[in-house]
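The structure appears right after this line, and notes come after that.
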Amino acid sequence: MSFVKITKNYQEYSSLILRPEMLYISSSGGITGSQYSSHVRSNRFKDFEDYTTTAIEQQAGSVAYHDEEQAHQVTEDSLTVTNGRVIGLLPDNPIYLDAVNQSPVSARMRCQKLIKRIEPGKSASFTIDDYKKNTIRKNLNTFYKSKYPDLGWHYSNYHTINFFKTANLPNDSCLMYANKDQTYTPTSSFTLSFHINPRYDNITPGQEFDAGTIFHMSSSLAVSLVSGSRTDKKGLVSSYKLLLQLSQSADTHPGNINLSSVSSGYPNDLIYLSEIELSKNTWNHVAIRWSPDQNNMSGSLIINKRQTYFHIPSSSLMTENDAIILGNYYNGNSVNLKKYFNAGKADSRGINSLVGTTTEPIGQSTDLNSPLQAEIHNVMLFDHYLNNREITFISSKGVNNRKLRGSLLSDLYSKLIFYVPPYFIPESPQRSEVIVSPYRYIYNENVSSPPLKKGWTGPFNPGLSFSLGARMINLENFAADLSIPKAPKFPRLQSLTGSILDYTVDGNVTKDNYIFNSRFSGQIKKRNLTILPNDNGLFSPDYFPIQNSYHSTSVYYQHSVNSFVSQSNNGPSNQAVFENVYDYSKISLENLVIFNDIYRAGQFFVNEAVDSNLGIDDYLNHHAGSQFRQLFGPYNNFTAGLSRAHENLYAIPAMTKDISSNEVTIFDISQLYYGLAVSDFSFSIIDDNVSGSDGKVRIKLKDNGKGSLYRADAKTRHAKWNNVGDIICEEGIVTVKSPHLIKFCKDKTNIKLKGEQTLHTMILNIPVLKDYFNSSSNVTYVNAPPTANKNDEHLTTKYITAVNIHDNNFNIIMKAHFSQPIVKTEEDEFIIRLKQDF
Amino acid sequence: MATFKTISSADIKTTRSVLNQLVDFIEEDVSGSSTRKTFQVFVTGTNSDTGVTSSLYNTVFDQNYQLQTANELFDITVGLFSGSNTVADANTGVDINGKLLFTSQSLMMREKVNIYRQYAQLLLGDANQEFKAPFGSSQATDTINEALFINFKRLFVRDGIKRETFAMRFFQSASAAERVEDAAIHALGTDNIFRGTISGSVIFTDVGSAVNIERSQTGGSVGNLVNSSNTSETTGLLFYQQGIAILDLAKITSGSQKMSGSIAAVGNSNSSIILGRSGQGNPKAKFIPDFLVSGSIDDIVNHVSSVRFGSGSQTFLTFQNNTQINSTLIFCRATADEFNYSSNPTYTDSEGRIVVIDESEQGIQKSFSFITTVGLYDANEELLAVAKLSRPIEKNDEKDLTMRVRLDF
């Protein structure tokens, strides 16, 4: 044995960052990829007592639950008592081995840490989920704001209009814009522009992919999506074409057109099929233009800058018509079409009236039977033939009122007659049927100055959200035609509105039953999925219409730039402390309702003195004049009737003192899954079957390396700036904030990420010089030469089997054993390299 | 946040406690071929046979050892004391280098002797010394000449085996051999080397070791393994800190039992020796010495593992381990006037302003805080450890708090 001082010259240090990949899938079929609390596990470790079947787990209501602290306590307690099992038995007792065998496998070995999915604010009581939400919203978001600038309780104002078709949902759904006073009818020249992503296929190989109409003006213009020539390896449609019908040919149902020979004699002589095919799940820009003054009355169908030309010798292709229909084809007559905009619906839904009667049109499901299956956005109709430069501009930048180089127009916006981006605006039509609870409408009134229509102002229905914990998207606030920024025009939401229930017929419903299992669920589910986050990275929206609307200073666009000032729940008075920064690309999810003073503790009004022994139900039952009756609105049997719900008093904020959005989904990922942090750009989460979509809508979110989650479904470039959620990599906290992602990953959670773990390595080079390590103090040491050869007989042999590392006080702090002994003689000299990772 | 207070040495205490785990090894772990891994590093042979390969020991796992999640439970092997009759009877001399020579009917004798010597070196400090059970006995009859070694892995032993918790079920007899030799016991024609035993088990334990504490100079504390039905019958040793059990095969088995079957061998074209059959090989072979001398280590370990421990889902071996927990207790005291204010940016009043106490209003305006976290710093104000409270504790000038921070390592 010898001692050698290991100076710094013999030490090497290096560090590595490891990024292991992790896949976690949780569904009703089981969980894969879950992490155990103990990194080394063996079911050969047993517990002295079966702690997991005690009240600890029963309270948690989860088999996988394991409370480390309590279990440890029970262990210690058990060690002090003789409980008739292993403890207290001596090993010579005949039942000792049997008792061990019957003991449960150690709870510590079985304990798994699952990824927790949290939906806060779903009950009228303050829960740990509400606490977690506000810890993220107030504390973590504030703390990490400097690293992730887009953190906050908001989401991006960049969406698509999603049309899809399933057997269980209404297929006549579409957006119908009344063409009152022919404001939507171009005078002669026109340009129609939109972006489209054909995401959906025919599901079953060989099954027909039905033509779906994107845009329809009767007797003027119809554009439909039809199947192309390619199929994928599963035999499903993977390419599409556009079918263009002009003038009188637009009155032929696209399903009746033979795609192998689209154009025939009058009236079907103005039908064109695009030469260019659109690939499945890609974003494409489409422009259709025609002018009697251009190239001898020629026009073109442009897809991603590639043109299909057509020539129509006519002075105009447009005739007077009644409506623009997005997402379906109207297959009826003009008289019936006007009835969709009857006076009754004008009152109840706040749309323009075209006829004075209140009669609803008959045969709606047959009138509208060519539903689109695709996502579209930025639908623009110009009363002008745009040149190539102008089309190139609007395909990537949208439209504004600035002079464009290469354009003869002073600005493009002045020629815009129809424009559905869709943008969120804090305004919806004045109407008598504003749903405030599953049982009640309220009537909203206009605001005279500025002349706003004020239905629900937020992105989702606050009455349902804050009283019932249910989610209904305010589709009216997204679907407006913004061609005139200060006078948005709202469509008839055909089969997309839902309706209230009759308490005496339907009984008391739960939140999920109203949305997913009631008489009107089909419409509500489709309504909720009509607006989806946009993943088109080929386009950058211009928020000119909002900036020039009456909403330019709305609280929904107001965002704090001072990260040290929390956005208070105390209502508008506190907003004065914010910097007045307006960002129209973000929709605030703070302060969604007025914080009513009645929410404050101690201010509940009751008829009688407060009795601490009474619960909420007691007040509801016995204290007739209590404001609890209104406050707890539609949440329970007692207030389910029409007169009980209140549009400004909600149960959940009363309990949580929180008026920010609860329509979020939070994923709490344990550090066991990622180590020090989730690696940037590595996180993705998939919902294969968004709730209510019958398996048609699939959403994938990825992180952009700056703390934002964006939608990443398309095969073309993604809009990585489009924030639909946040990820705080250091904390493993993922917040999906976009309310359009209904019950995100409720049935199946599919998360993939890479963790980050630093591995430090220390290498000690131990010099074994020839004059060292030449004796052994082992009692069995025999002084023998390495071989029997003459030239070795003067040498002695040592077998080095281990190295001990000592500190300055000669305490052994590390040991290394060799897999086999190393031979050392007086002539040998070498270096032993010890490597320690930590 | 961030009120600092120096903690004196009087408020720092260290303690040590012991945590126990119960370890349960199942019969099928050791009997199954998928859970017992061999390492066939020994190779021998002649021109007239196909040779023999064998391990020096087997490792038993808690599940199929090809799975990544499998854990090693223990190693198992056999050894022979160089001074035993078993070795002496088979020994034919010593070569010029001191190497022991053995008869051609033997196999791996030098390996068996060296394994014994290696354990003696490790546990007794002298490779030439013999193990005796009871430990420290001077009686020649207490020498363990034929030893079964079981090394429990550190994952299960941790800081040591707890005394008086060890128990092992063992079948002293194999099944009966061929009628020719054991006519009164069993039907004709069954080999018993690798056929499971169904009755006749005993339990060996270390009961009484908590009273009679023995220590080896190099092996640490030692206990005697005894027959639970006759605790005066000492059958082996248990080294608690090393996690090694040594069992005397002569005492835990019926050594004179006839063995029948075929085992690997060199020197004949069959590459095997037939034991226990009339007119073939060694018809009167006994467990000791014939099987231990003629069998390879794999054959012997395989016989012991698959026959003597059972093969069901019952426990065949158990013990409890010790894990020492060193704890530092740090008492963080907040007197009435301390920690009543916070510099947290969210420490604001109802109007969103940072709470301040006006100098002239100190007697009237009183602040309070909610303590959520204790940070422990070194002398250079570097944060060393953070303790989070399960829930915030309100602190005001009418409260005197002591938070006990415990660090286990």
Ranked by GNM mean-square fluctuation in chain B (Cα springs under 10 Å), the top entry among B:Phe131, B:Phe370, B:Phe42 is B:Phe370
Would you mind calculating the relative contact order of chain A from Cα pairs under 8 angstrom and at least 6 residues apart, reporting the percent as a whole number? 16 percent
The relative contact order of the stretch A:456-528, taking Cα pairs under 8 Å that sit 6 or more residues apart, comes to a percentage of 29 percent
Suppose R0 equals 22 Å. What FRET efficiency, 1/(1 + (r/R0)^6) with r the Cβ-Cβ distance, do B:Ser138 and B:Asn230 give to the nearest 0.05? 0.50
The whole-number value in µm²/s of the Stokes-Einstein translational diffusion coefficient for the stretch A:194-338, with Rh from the Kirkwood sum over alpha carbon pairs at 25 °C and 0.890 mPa s, is 156 µm²/s
With viscosity set to 0.692 mPa s at 37 °C, what whole-number translational diffusion coefficient in µm²/s follows for the stretch A:770-810 from Stokes-Einstein and a Kirkwood radius over Cα pairs? 265 µm²/s
Measuring from label point to label point, each 7 Å out along Cα→Cβ, what is the A:Asp694 to A:His311 span in nm? 4.6 nm
Set the Förster radius R0 to 35 Å, insert the Cβ-Cβ distance between A:Lys657 and B:Arg404 as r into 1/(1 + (r/R0)^6), and round the FRET efficiency to 0.05. 0.55
Cα→Cβ-extended label distance, 7 Å offset, between A:Met1 and A:Tyr131, nm: 5.5 nm
Amide hydrogen neighbours beyond the local backbone of A:Val434, cut-off 5 Å, H modeled: A:Ile442, A:Asn444
Give me the accessible area per residue for chain A, probe 1.4 Å, as a whole number in Å². 43 Å²
Quick one: 3J(HN,Hα) in Hz for the stretch B:45-62, Karplus 6.51/-1.76/1.60 with θ = phi - 60°, rounded, Gly and Pro as x. x, 10, 5, 9, 9, 8, x, 10, 10, 7, 8, 9, 7, 10, 10, 9, 10, 8
Residues whose modelled amide H sits under 5 Å from the amide H of A:Ala323, counting only those 5 or more places away in sequence or on another chain, are A:Asn179, A:Ser218
What 222 nm value per residue comes from the helices of chain A, counting each DSSP H run with n ≥ 4 as -39,500 (n - 2.57) and dividing by all residues, nearest 500 deg cm²/dmol? -3000 deg cm²/dmol
Which of B:Val43, B:Val30, B:Val207 fluctuates most in a GNM of chain B (C-alpha springs under 10 Å)? That residue is B:Val43
Testing the spin-label approximation: label points 7 Å from Cα along Cα→Cβ at B:Arg353 and B:Val202. State their distance in nm. 8.9 nm
Give me the percent of the accessible area of the stretch B:187-264 that comes from carbon and sulfur atoms, probe 1.4 Å, all protein chains in place. 47 percent
Taking only C-alpha pairs under 8 Å that are 6+ residues apart, what is the relative contact order of the stretch B:88-142 in percent? 17 percent
To make sure I understand the rule: partners must be aspartates and glutamates, Cα under 15 Å from the Cα of A:Lys165, and not fewer than 8 residues away in the same chain. Which ones qualify? A:Asp201, A:Glu208, A:Asp210, A:Glu375, A:Asp694
Rounded to the nearest angstrom and ordered from largest down, what semi-axes does the equivalent ellipsoid of chain B get from its C-alpha gyration tensor (root of 5λ)? 65, 21, 20
Count, lysine Cα pairs under 25 Å in the stretch A:232-346, 8 or more residues apart or across chains: 6
What's the angle, to the nearest 10 degrees (0 to 90), between helix B:109-124's Cα axis and the longest principal axis of chain B? 30 degrees
Chain A - Kirkwood radius from inverse mean 1/r over Cα pairs (Å): 31.5 Å
Paramagnetic label zone (point 7 Å from Cα along Cα-to-C-beta, B:Phe39; backbone N under 16 Å) in the stretch A:821-835: A:821-822
Whose amide H sits under 5 Å from the amide H of A:Thr308, counting only residues 5 or more places off or on another chain, with H placed in the peptide plane? A:Leu301, A:Ile302, A:Ile303
What ³J(HN,Hα) values, in whole Hz, does the Karplus curve 6.51 cos²θ - 1.76 cosθ + 1.60 give for the stretch B:218-231 when θ = phi - 60°, with x put for Gly and Pro? 10, x, x, 6, 10, x, 9, 8, 10, 6, 5, 8, 8, 5
Taking a cut-off of 14 Å between Cα atoms, list the aspartates and glutamates near A:Lys46, but don't count ones fewer than 8 places away on the same chain. A:Asp98, B:Asp24, B:Asp62
Residue by residue through the stretch A:753-764, what is 3J(HN,Hα) from phi via Karplus (6.51 cos²θ - 1.76 cosθ + 1.60, θ = phi - 60°)? Round to whole Hz and write x for glycine and proline. 7, 10, x, 9, 9, 8, 10, 9, 10, 10, 10, 9
Kindly compute the accessible surface that chains B and A hide from a 1.4 Å probe when together, both sides summed, and give it to the nearest 100 Å². 2800 Å²
Among B:Thr53, B:Thr14, B:Thr231, whose mean-square fluctuation peaks in a Gaussian network model of chain B (Cα, cutoff 10 Å)? B:Thr14
Could you name the aspartates and glutamates whose alpha carbon sits less than 15 Å from that of A:Lys147, not counting residues in the same chain fewer than 8 places away? A:Asp680, A:Asp703, A:Asp726, A:Glu730, A:Glu731
Cβ-defined net charge surrounding A:Leu709, 9 Å radius [Lys, Arg +1; Asp, Glu -1]: +1
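The values are calculated or read from the model by the stated rules, or taken from the named source; none is laboratory data. From a predicted model like this one, the values you see are computed outputs, not experimental measurements. Using ideal geometry, Cβ is built from the backbone for each residue, glycine included, and neighbour counts are taken over all protein chains shown. Note: areas computed on protein heavy atoms with side chains; ligands, DNA, RNA excluded. Shrake-Rupley method; radii C 1.70, N 1.55, O 1.52, S 1.80 Å.
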